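The values are calculated or read from the model by the stated rules, or taken from the named source; none is laboratory data. Everything numeric in this text was worked out from a predicted model, so none of it was measured. Glycine gets a Cβ as well: all are built from the backbone with ideal geometry, and neighbour counts include every protein chain shown.
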Amino acid sequence: MTPSKSAVTDQMMKIYETLVNEIDVGVHAINSSGKTIIYNEKMMEIESLSKEEVFDKDFLDIFTFEEGQRSTLLEALFQKKEFNNVRQTYFTKNGKAITTINHTFPIYDQTEVIGAIEIAKDVTKIENLIKNNLKVKGDTRFTFESLIGESHAIKEVIDIAKRATRTPSSILIIGETGTGKELFAQSIHNGSEHSSGPFISQNCAAMPDTLIESLLFGTKKGAFTGATDQIGLFEQAEGGTLLLDEINSLSPMLQAKLLRAIQEKSIRRIGDTVNRKVNVRIIATINEDPVEAIANDRLRKDLYYRLSVVSLFIPPMRDRKDDIPLLVRSFIEKYNHIFQMDVAGVSEEVLQIFNQYDWPGNVREIEHVIEASMNVLVGETMIDVTHLPHHFKNKSTFSSQGSSIIGVYNTKSEANPETEGPIGAINEINPSAPVDNLKEFLLKAESYYIKKALEKHKYHKTNAAAELGLSRQTLQYRIKRLNIDA
């Protein structure tokens with residue numbers, strides 16, 4: 001039996017819809033009135049809009065363009081123009097910036113234009129990555145905009161650092177390892193009149209004194225066997241900034257030479273008899289209390305006074321925990337770009353662990369934990385406890401958090417051994433139970449615990465999540481991960 005014309009039309013429409021939604025480019029078409037008639041799934045993904053928000057709506061009610069820029073789609077419709085491989089940046093009604101490479105052309109019915117269609121390739125992530133990498137001044141890529149934090153402790157330091165950009169005075173940055181001392185140094189350099197000059201950084205603990213001296217001041221040919229005329233870091237940094245990291249690792253003798261160079265604004269190469277004037281701003285860092293360093297003869301008192309014309313005390317993470325969510329979000333965005341992932345954030349349980357942890361490695365440790373966690377994600381969009389690095393979980397207070405699930409295999413009430421106690425009752429593990437490795441035990445315990453909570457609340461997930469101390473979203477994720485029938 002030959003299919004009817006309407007049946008053939010229905011089949012063709014089904015084929016068309018499947019094709020449009022399966023291709024890996026955005027497709028957006030408008031009719032002669034400028035209203036959307038085709039909007040495929042890839043375009044929805046690119047623009048983070050639903051079909052209902054766009055379909056049969058006026059194009060300019062949904063999208064806006066920067067002053068002086070026009071929509072290629074509207075230009076194709078009204079000016080009968082075709083555009084090929086045109087880069088375009090625009091904004092959705094939700095304020096999201098989108099950058100695409102478009103092939104756009106009018107649709108004709110014989111000689112009449114009845115609409116226009118745009119085939120778009122999303123390059124938003126690539127554009128953002130390029131912009132981040134181009135935020136470079138001189139030899140540095142960090143500015144004050146790179147410093148993340150809204151806590152009073154960090155905002156106060158940032159304010160002092162910004163003021164220090166107005167003068168060429170020496171600066172001593174004091175802070176534990178990983179607090180971001182070099183970020184502050186680069187930000188000060190880029191915000192100062194020295195920004196057009198070089199930024200030279202040297203870790204003073206990385207080399208022995210015999211090498212660091214020649215590296216700093218340079219050498220004259222014949223000064224020692226094999227010596228050549230070589231300029232040092234002071235001369236290389238002429239007109240810019242010289243960052244001396246871990247200044248307290250230098251010997252007292254070398255600290256004295258450094259003090260002389262800073263005071264007289266001149267240096268003498270090793271083996272030379274000529275003093276050379278230098279115009280260099282000195283920024284030094286130290287990862288311990290300067291008073292303690294002076295008391296233990298690791299820092300000369302006179303050098304400390306010379307360097308600390310401006311002193312910046314970078315607070316450790318344990319004193320600025322309000323900034324943890326901001327830092328976590330920033331590092332997730334960073335590694336989303338690098339790894340081409342779409343991780344949305346961390347679970348509430350992970351954030352709670354982060355807030356209870358002291359972060360001895362400071363900001364650097366937060367970044368390493370986020371990077372490590374994202375490396376083990378496979379198809380997931382939320383970092384959960386199971387994704388955290390093993391060594392981090394051991395250091396954190398998670399072990400104390402986990403006490404609520406210890407012994408969930410034996411949750412019978414002491415008052416009535418035939419009835420089950422409340423969800424979360426803490427009892428000893430049944431000694432006759434078979435021994436699993438820790439990971440298997442925790443997964444089984446977690447599964448058992450969630451099942452009991454769901455049963456108690458008749459599978460009302462919102463109520464079960466509330467009793468478990470989880471968000472509904474986190475509970476849904478755990479149910480899926482543990483393959484729990486719910």
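Side notes on the structure shown:
- Unique match (being in contact with a His (Cβ under 6 Å, 6 or more places away or on another chain) and basic (Lys, Arg)) among Arg298, Arg281: Arg281
- Verdict on Asp139 being modelled with pLDDT under 90, surrounded by 15 or more Cβ atoms within 10 Å (Cβ to Cβ) and farther than 25 Å from Met341 by Cβ: yes
- Ala284 being surrounded by fewer than 21 Cβ atoms within 10 Å (Cβ to Cβ) and under 29 Å from Asp159 (Cα atoms): no
- Candidate set from region 434-458 (those that are surrounded by fewer than 14 Cβ atoms within 10 Å (Cβ to Cβ) and either farther than 14 Å from Thr386 by Cα or in contact with a strand residue (DSSP E or B) (Cβ under 7 Å, 6 or more places away or on another chain) (or both)); member that is modelled with the highest pLDDT: Glu455
- Residue that is farthest from Glu246 (Cα to Cα) [pool: residues in region 195-217 that are of a type in the set (Gly, Ala, Ser) and outside any helix (DSSP H, G or I)]: Gly197
- Hits in region 253-289 (condition: out of contact with any Leu (no Cβ under 7 Å at 6 or more places or on another chain), closer than 16 Å to Asn203 by Cα and part of a helix (DSSP H, G or I)): Leu254
Residues checked against (1) free of Cβ contacts under 8 Å to residues at least 12 places away in the same chain; (2) over 30 Å from Trp359 (Cβ atoms):
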{"position": "Leu172", "(1), (2)": "no, no"}
{"position": "Phe184", "(1), (2)": "no, no"}
{"position": "Thr210", "(1), (2)": "yes, yes"}
{"position": "Ser214", "(1), (2)": "no, yes"}
{"position": "Lys220", "(1), (2)": "no, yes"}
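- Each residue in region 226-274 was checked for being charged (D, E, K, R), surrounded by fewer than 20 Cβ atoms within 10 Å (Cβ to Cβ) and more than 14 Å from Ser170 (Cβ to Cβ), and 7 of them qualify.
- For the condition surrounded by 18 or more Cβ atoms within 10 Å (Cβ to Cβ) and either over 23 Å from Asp342 (Cβ atoms) or within 30 Å of the chain's Cα centre (by Cα) (or both), Ala97 does not qualify.
- Residue that is surrounded by the fewest Cβ atoms within 10 Å (Cβ to Cβ) [pool: residues in region 369-393 that are part of a helix (DSSP H, G or I) and under 16 Å from the mean Cα position of the chain (by Cα)]: Asn375
- Unmet criterion (only one of (1) surrounded by 17 or more Cβ atoms within 10 Å (Cβ to Cβ); (2) within 35 Å of the chain's Cα centre (by Cα); (3) within 19 Å of Gly115 (Cα to Cα); (4) without any contact (Cβ under 8 Å) to a residue 60 or more places away in the chain) for Lys51: (1)
- Selection status of Pro168, under 22 Å from Ala261 (Cα atoms), in the same structural domain as Lys265 (by TED's automatic domain parsing) and touching a helix residue (DSSP H, G or I) at 6+ places or on another chain (Cβ under 8 Å): yes
- Within region 242-255, residues that are in the same structural domain as Phe199 (by TED's automatic domain parsing) and closer than 13 Å to Leu216 by Cβ have Cβ atoms under 6 Å from residues that are hydroxyl-bearing (Ser, Thr, Tyr) and part of a strand (DSSP E or B) in these pairs: Leu243/Ser201; Asp245/Thr285, counting only partners at least 6 apart in sequence or on another chain.
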